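The next block holds one structure in the form of C-alpha cells; read it before the comments.
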C-alpha cells in the first residue's frame, strides 16, 4: 500500500493525556469529600489520580509499542508522567505525556527493493516508491547510514530524508487512546471510592 512520508524531522511534538476526576465523580462522592474537608479530600483524590495515572502510563507504553512497531526502548524513553502532590491543594490533574520527533524509517526495518523502499510500522509494510538507501537493492550507501531518501526533482540532487510516525502521535490514537479512555472510565471512580473510604472515620 502507498504511505505518507515526512521529509522534515525538525518538528518536535509534545502531546498529553490528562487524568482528572470529572464533575460526575465529584457529585457522586460529594458527601464523602465534604466530610473529609479540603486537605484530606485533596489527599484522597490526588492518590486516586496518581494511581490511575501510573497505570495509564504503563498501559499506553505497551499499547504504543504493539500498535506502532516502534522499539520499546524508544517508546519508554519518550513517554513520561506527572503526578499530583497529595494534600498540596494543586490541580487534581495527572498527566501522561509523550515528546519526540518523527522517527527515521531506518527504525522500521527499511529495505530497498526494485520499486523503492518498504518499511514496517503500524503492523503493515508501507511502500515508498522511488526512495532509496543505496545505489541498488541490497547495497546501502555508507554516507546514507541506512536512512531512506528520495530525490525532490528529476535531477540527481538534492535529496531529502524520509521519516515515519512519532511517539506522541501514537499516544493519542488507536489502541493507546482506547486503553487510556477505558482505564480512566473503569478505574478512577473505584480508586476515588477506596481512597476516600481509607480516610473517613470508621
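Observations, loosely collected:
- Whichever residue in the stretch 159-180 is in a helix (DSSP H, G or I) and out of contact with any strand residue (DSSP E or B) (no Cβ under 9 Å at 6 or more places or on another chain) and, among such residues, is surrounded by the fewest Cβ atoms within 10 Å (Cβ to Cβ): 178
- Options 100, 130: the member that is on the phi > 0 side of the Ramachandran plot and buried (at least 20 other Cβ atoms within 10 Å of the Cβ): 100
- Residue among 127, 155, 143 that is assigned to a loop (DSSP other than H, G, I, E, B) and either farther than 22 Å from residue 80 by Cα or in contact with a strand residue (DSSP E or B) (Cβ under 6 Å, 6 or more places away or on another chain) (or both): 155
- Scanning the stretch 29-38 for residues that are more than 24 Å from residue 200 (Cα to Cα), in contact (Cβ under 8 Å) with a residue 12 or more places away in the chain and loosely packed, with under 15 Cβ neighbours inside 10 Å turns up nothing.
- Residue match in the stretch 41-55 (condition: crowded, with 21+ Cβ neighbours inside 10 Å, within 17 Å of the chain's Cα centre (by Cα) and within 20 Å of residue 16 (Cα to Cα)): yes
- Scanning the stretch 112-121 for residues that are more than 21 Å from residue 176 (Cβ to Cβ) and either touching a residue at least 12 places away in the same chain (Cβ under 8 Å) or touching a helix residue (DSSP H, G or I) at 6+ places or on another chain (Cβ under 6 Å) (or both) gives 112, 113, 114, 115, 116, 117.
- Lone unmet requirement of (1) in contact with a strand residue (DSSP E or B) (Cβ under 7 Å, 6 or more places away or on another chain); (2) without any contact (Cβ under 8 Å) to a residue 24 or more places away in the chain for residue 58: (1)
- Helices (runs of 4 or more DSSP H) fully within the stretch 4-118 counting 3 or more residues that are assigned by TED's automatic domain parsing to the domain that holds residue 184, modelled with pLDDT of 95 or more and within 18 Å of residue 171 (Cα to Cα): 38-68, 72-78
The values are calculated or read from the model by the stated rules, or taken from the named source; none is laboratory data. Remember, it's a predicted structure, so these values are computed and weren't measured experimentally. Positions of Cβ are backbone-derived with ideal geometry, glycine not excepted, and every protein chain shown enters the neighbour counts.
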